[in-house]
Structure formats: structure tokens, C-alpha cells
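**Q** The structure that follows is given in the form of C-alpha cells.
The values are calculated or read from the model by the stated rules, or taken from the named source; none is laboratory data. On a predicted model such as this, the values are computed, not experimentally measured, just so you know. Cβ atoms come from the backbone with ideal geometry, glycine included; neighbour counts cover every protein chain shown. Ligands, DNA and RNA are stripped out before the accessible areas are found, and what is left, the full protein with its side chains, is counted by its heavy atoms. Shrake-Rupley method; radii C 1.70, N 1.55, O 1.52, S 1.80 Å.
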Amino acid sequence: MKTAYVSMTTDVFHSGHINIINNAAKYGQVIVGVLSDEAIATYKRPPLLNTEERIKIVSNFKNVERVVVQNSREYTETLLELKPDYVVHGDNWRTGSLQIIRAQVIKTLKAWGGELIEVPYSKHLSGDKLSRKVSSILSTPAIRLAKLSNLLKWKPYIRAIDTSNGLTGIIAENSRVMDEKTNTVKEFDAMWISSLCDSAFKGKPDIELVDLTSRINTINEIMEVTTKPIILDGDTGGKLEHFGFHVKTLERIGVSAVIIEDKTGLKQNSLFGTDVEQVLDNPADFAVKIAEGKHAQATREFMIIARLESLIAGKSVDDAMMRAKIYIDAGADAVMIHSKEKHGDDIFAFMKQFREYSSTIPIVVVPTTYNQFTEDELHAKGANVIIHANHLLRSAYPSMMKTVQSILTTGSSKEASDKYCMPLKEVLTFI
Ligand code: SPV
Ligand code: MG
């Protein structure tokens with residue numbers, strides 16, 4: 001009996017998938033390779049149903065003889081093991097990101113005279129469209145909240161971008177590029193809502209002046225138009241007695257994590273370094289604040305992340321390590337190490353020491369000053385969450401400044417409009 005192999009990534013099953021299986025059954029016994037959670041999470045949203053669930057469902061489809069797990073997006077390893085006579089796939093992969101995988105499949109099959117069968121793709125049943133629909137349901141608070149801790153389990157690292165309003169939220173939600181090297185789609189996994197940019201977009205300094213009510217307005221504005229998880233920059237976390245209440249509020253609206261920094265007194269932006277007074281909190285006191293937050297927390301998945309400001313305040317890596325251990329003991333789910341140095345040596349030294357202490361607790365980094373390192377390089381040194389912390393504000397401001405300068409200088413908006421502005425029509429259609 002001949003065998004026909006069908007690979008399945010989806011967790012939103014529709015009749016198009018049944019059609020492919022039924023077509024495959026015309027050629028032989030159907031073996032379905034269900035993609036593992038990890039394999040899926042490397043290139044698209046993590047699956048709603050885990051591998052086991054999907055295996056159970058697919059095993060019960062008519063005409064499916066056997067189900068195996070396909071551990072990577074490429075078929076090669078599985079095909080070499082199964083040596084099927086046929087691979088059956090929708091004809092939609094002749095173009096786009098799957099082309100290379102298709103070519104590999106054809107090449108691999110050749111070794112034993114196997115053949116690729118392509119079935120006309122049901123366009124109206126696009127899995128991506130259904131997926132987007134599902135995603136919007138999944139932006140309800142409890143589900144959005146859990147996304148970050150799930151992603152941390154599935155992805156080698158999380159890539160976050162700063163968002164401060166609905167517009168930057170949409171940019172973070174929808175921006176994608178094709179990575180030619182790995183032939184995968186790259187996008188942001190999460191949004192960071194920084195104190196710096198949330199304040200700056202409101203025309204205020206970053207001194208904990210924008211209160212939580214106002215920050216929540218920003219969060220809501222972003223949540224209205226996005227589905228990705230949110231990491232909130234919680235500054236110092238405020239008064240000890242208030243922090244537990246803040247945690248409850250953030251959980252209720254569906255924020256995934258809050259990062260609080262071990263400073264006290266008037267908060268100043270960390271990138272001032274020691275040019276301004278940066279007063280570190282007493283580690284024992286800060287630990288109590290973390291414990292207070294963890295105690296107030298209602299869900300399992302919310303994360304309280306302790307931000308270590310030792311290096312910002314001119315203290316040593318050892319000081320940061322000493323504090324990290326105290327904060328973890330108090331219940332912190334992860335640590336963020338920050339520095340304003342450009343060389344990155346202090347960050348790497350910290351990560352090395354921290355990884356000797358724990359191989360699993362996530363490390364968050366904000367490579368604003370040491371931005372010569374790529375995400376992959378930072379991950380290789382130990383980072384699990386990489387936050388690009390202020391770049392949308394910093395790219396928007398100079399562009400707006402050029403525009404106003406031009407209008408003031410020329411007395412009309414013609415030059416600015418022709419040179420610096422996107423067509424109005426695009427504004428009407430990109431949202
Ligand atoms: C922020 O962007 O608000 C931060 C990171 O907290 S930093 O500005 O580098 O302190
Ligand atoms: Mg901040």
C-alpha cells in the first residue's frame with residue numbers, strides 16, 4: 001500500500017484541510033504530520049491548541065491512518081524517516097514564504113522516487129483570515145494576559161517594541177518582514193509601554209508624573225486596536241501600600257507583566273545615569289514591594305519583573321546580582337538588567353553570573369545604548385526578552401520637526417507635503 005504524507009500546521013480546522021486529506025487518500029494511506037508547538041511558534045502565532053490536542057483531533061479525521069509529529073517547519077527529517085510515496089499540499093505554496101520548503105520537499109522525495117501532489121487551494125477559506133478572527137477574540141483580557149508567559153515557554157526570546165498610543169500600537173501589531181536567511185516572517189511578539197514615551201507623547205517629563213489612571217488610558221487605547229501582550233513600565237511601582245492594588249488593576253485589564261525598578265525618591269530616567277541623582281532602594285524594602293504585588297496577584301500568568309538599576313546608579317555587577325537574588329526570593333518572575341554603557345560588557349557580565357545562578361528565570365534587556373548587538377546575539381548571551389524601548393517616538397519627532405520647520409520657513413505646506421508627508425489617501429486606508 002502506498003503512503004501519502006500531509007503536513008498540518010493549523011489549529012483552525014476547516015473544510016479545506018479535509019479536502020487535502022481526502023485527496024491524499026486517493027493516492028495511498030494518509031499519514032499526517034502535525035507541527036509541534038515549538039515549530040509553529042518559531043514563525044507564527046503560538047497555537048491555541050497544543051500539539052497533543054491537535055493530534056487527537058487529526059487522528060479522528062476520516063481517512064487518516066496515522067499521525068506523527070513534525071518537529072520543524074522543514075519536512076526533511078520527517079520525510080527521511082517515513083519515505084512516503086507522495087506528499088500532498090495545497091498549491092498556494094508555489095509562491096511566498098513556503099516556496100523554499102516546497103523545493104526542499106521535491107528534492108527530498110526524489111531520493112526514493114516520491115512525488116509531490118498539489119491540490120487547488122480554497123481561497124475563501126484562508127486559514128490566515130480565520131486566524132485573524134480568532135486572534136481578535138483572543139485579545140480579551142484574561143487570554144491576552146497569559147500570552148506573554150506562554151510565549152516565553154515556546155520562543156527562544158521575545159521581541160518587544162515600545163508603543164504609546166493607538167497608532168504605534170497598530171504599527172507594532174501589523175509590521176512584518178520576511179527574513180530571507182531563515183525564510184520566516186519576523187514580527188514583534190509583545191508591546192512595551194514605557195514611561196519615557198508615554199510621558200513624552202503627553203509632553204511631560206519622565207519623572208513618574210503621569211499617574212496610573214492616565215497610563216491606563218494609554219493602555220486601553222492600545223488594547224482597543226491590538227492583540228499582542230503588553231509589558232508595562234511601572235517605574236518604581238509607586239508606594240508600597242499602592243502596588244498590590246496596581247497589580248490587581250493591571251491584571252483586570254489584561255496587561256501581561258509589569259516591570260518595576262529598584263529606585264526611590266524622585267524617579268529620573270535611567271539613561272541620565274549618574275548625571276542626576278539615582279537613589280537605589282534598599283533591597284529588602286524593594287523585595288517587600290515585590291512580595292506585596294505577588295500576594296495581590298490573582299492569575300497564575302501575570303509577571304512581576306524586578307528591574308535592577310545598580311549599573312545605572314554606578315554600582316557593580318555584583319551589587320546587581322546580590323539584589324537579583326533577593327528579588328527572586330521575594331517572588332519576582334524575571335529580572336531586567338539595565339545600563340547606559342555602550343559597550344555591553346557590564347550587561348554580559350551580569351547575564352553570565354545570573355545564568356550560573358539560574359538557567360531558566362527570564363532576563364529582560366533594553367539595548368538602547370548597546371544597540372550594536374542583534375537580538376540573536378543578546379539571546380546567545382542569556383537574554384529572553386529584548387525591548388526596543390523608544391524608537392517610534394524618536395523617529396516620529398525629527399520627522400515632525402522637519403515638517404513644521406518647512407511650513408514656517410516657506411509659509412505654505414507644499415514643500416513639507418511633497419517632501420516629508422505620506423499621501424493623505426494612505427492615511428485614510430492604512431487604518
Ligand atoms: C523607558 O523607556 O521608559 C525606560 C527605559 O524605562 S529607559 O528610558 O532606558 O530608562
Ligand atoms: Mg521608564
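**Q** I need the trypsin sites (Lys or Arg not before Pro) found in region 201-245, filtered to DSSP loop residues with at most 12 other beta carbons within 10 Å of theirs.
**A** Answer by residue number: Lys239.
**Q** Right, something else. Choose one answer from Lys381, Lys56, Lys294: the residue with the largest mean-square fluctuation in a GNM of the chain with alpha-carbon springs under 10 Å.
**A** Its mean-square fluctuation being the largest, the pick is Lys56.
**Q** If you place +1 on the Cβ of every Lys and Arg, -1 on the Cβ of every Asp and Glu, and leave all else neutral, what size is the dipole of the chain about its Cα centre, to the nearest 20 Debye?
**A** Value, rounded to 20: 1440 debye.
**Q** Could you give the accessible area per residue of the chain, probe 1.4 Å, as a whole number in Å²?
**A** I get 49 Å² per residue for the chain.
**Q** Please list, in order along region 27-35, the HN-Hα scalar couplings obtained from phi with the Karplus expression 6.51 cos²θ - 1.76 cosθ + 1.60 (θ = phi - 60°), rounded to whole Hz, x for Gly and Pro.
**A** Result, rounded to whole Hz: 9, x, 5, 8, 10, 9, x, 8, 5.
**Q** While we're on this one: What is the set of long-range amide H partners of His388 at a cut-off below 5 Å, with H atoms built 1.01 Å from backbone N?
**A** Hits under the 5 Å cutoff: Ala160, Ile161, Asp162.
**Q** So, one more: For the pairs Lys56/Lys110; Lys44/Lys181; Lys289/Lys315; Lys26/Lys110, note any where the Cα-Cα span goes beyond 24 Å.
**A** Lys56/Lys110
**Q** Can you give the relative contact order of region 19-123 as a percent, counting alpha carbon pairs under 8 Å and 6+ residues apart?
**A** 28 percent
**Q** Give a quick list of GluC sites (Glu not before Pro) in region 180-235 that DSSP marks as loop, anything other than H, G, I, E or B, with at most 12 other Cβ atoms within 10 Å.
**A** Sites meeting the loop and neighbour criteria: Glu180.
**Q** How much net charge surrounds Val119 when only other residues with a Cβ under 11 Å from its Cβ are counted (Lys, Arg +1; Asp, Glu -1)?
**A** Result for the neighbourhood of Val119: -1.
**Q** Given a 1.4 angstrom probe, I'd like the percentage of the accessible area of the chain that is carbon and sulfur, rounded to a whole number.
**A** C and S atoms contribute 55 percent here.
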